[in-house]
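Please read the structure below before turning to the comments.
Just so it is clear, none of the values below were taken in a lab; they were calculated from the coordinates. Quick caveat, the model's predicted, so the values are computed rather than measured. Cβ atoms come from the backbone with ideal geometry, glycine included; neighbour counts cover every protein chain shown.
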Amino acid sequence: MVVGQGYVGLPLALRAADVGFSVTGIDTDAHRIGLLQDATSYVEDVSSAHLRKALDNGAYHPACDFNDARDFDFAVLTVPTPLRDGLPDLSMIESATKAIGVHLRRNATVVLESTTYPGTTDELVAPLLEATSGLRRGLDFHLGYSPERIDPGNKTWTLTNTPKVVSGIDELSTIKVREFYDRLVDRTVVVSSCRVA
C-alpha cells in the first residue's frame, strides 16, 4: 500500500507494481482516484500509458478506502506536510497513520517517506500505530523512514537511479525496509537510525 498518490506516491506505487508487487494506491481525494481509475495521470513523471498498463495487468489498484488495502504486508506513507508558521503540518501523517494502524497485522512493515522533522517516526508514527493496532513496534511490526528524493520532471535523476537513504527503528526493520527499496532503486544507502535519515 502506498498512501498518498501525488508526485512522490504515484511514481513509487507504479515502480513497485512494475517490479512485481501488488499495490493499492490510497488517496483521500476522490477526484484524483477517479482520474487514476480512468488511467489519466496528473503527475509529470508518470505517463497515462504507464498507468494504463499497471491497471490492465492488475498490479495497481487506486482507492480512497483503506479497507481496500487491509491485508497489506508493506505500507509507505507519502502524504503532504505543508508548512504552517514555518513548521511542517503533521495532521495528514497522523490521520494516515491511524488509518493504517487499524489494519496493521503482525510482521507488516510501515515506512514514512513524508518530509518532516527528525523524530517523527519514533515519536509520532510508532506510538500511533501501537495505539490503533494493539501491536508493538519492533516485536510485532517493523517500522522505518526513508526521505523522499523526488525531483519532478528531472530526466537525469529519477526515482530509480537516485540513491535511496533507508533506515529502521531496529536491525530487522532496517533489513525489511532495505529489501523493499532494493527492488525499486539502483542503490540503497543504509543509515544508523530514522532520526539520522
Practice task
Just grab the label-to-label distance for residue 172 and residue 89, each label 7 Å out from Cα along the Cβ direction, in nm (one decimal).
Solution key: 3.8 nm
Exercise for the section: Between residue 136 and residue 67, take the C-beta separation as r, use R0 = 30 Å, and let me know the FRET efficiency to the nearest 0.05. Expected result: 0.80
Practice task
When you have a sec, figure out the Kirkwood radius of the chain from all distinct Cα pair distances and drop it here in Å to one decimal?
Solution key: 16.7 Å
Problem - Stretchable slack from residue 49 to residue 183, in nm (0.36 nm times residue separation minus alpha-carbon distance) - result: 46.0 nm
Practice task
Please work out the Cα center distance from the range 5-38 to the range 115-169, rounded to the nearest Å.
Solution key: 18 Å
Practice task
Under 25 Å Cα to Cα from residue 176, which lysines show up? Leave out anything in the same chain fewer than 8 places away.
Solution key: 98, 164
Exercise for the section: Within the range 1-92, report the trypsin sites (Lys or Arg not before Pro) that DSSP leaves as loop and that have at most 15 other Cβ atoms within 10 Å. Expected result: 70
